[in-house]
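The values are calculated or read from the model by the stated rules, or taken from the named source; none is laboratory data. What you see is a predicted model; the values in this text were computed from it and never measured. As a convention, Cβ positions derive from the backbone with ideal geometry for all residues, glycine included, and neighbour counts pool all protein chains shown.
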Amino acid sequence: MPEFNIPLPYVLALIAWVIGAMVTFGIGFFTVWRLVMGKINDHANQIQIQIAEHAKESSRRSTELHNRINDVREKYVRRDDLAQHVHHLSSQFEELSRQISGVSERLDKVIIRSSEVGR
């Protein structure tokens, strides 16, 4: 085995330097780690905020859409109801017209007969 003749103060200085380098590297690594994790957390928080804003906007748009659908449904239902009522009234007017025509024909016959009787 080779024998090294290095004075003890140099060996202790080398060991202290290695320990110092390791501590410095550890602190540097920890600092970089914290910076990177901080950036990742900041981006994650921004993404969460954007997701919440998009969810709120989506909910608002969904509410607007449902309101528009309800308005259209009410208007078309009213139009359908109106069309049914108009059709019903139209058929009633036709029936009334037929009845008036019948009454008119009967009155004409009564008038003609009464004029014939009086002659």
* Counted residues, segment 1-60 - those being in a helix (DSSP H, G or I) and exposed (fewer than 10 other Cβ atoms within 10 Å of the Cβ) -> 3
* To do: Kindly indicate whether any position in segment 53-68 is aliphatic (A, V, I, L, M) and at pLDDT 90 or above.
  => yes
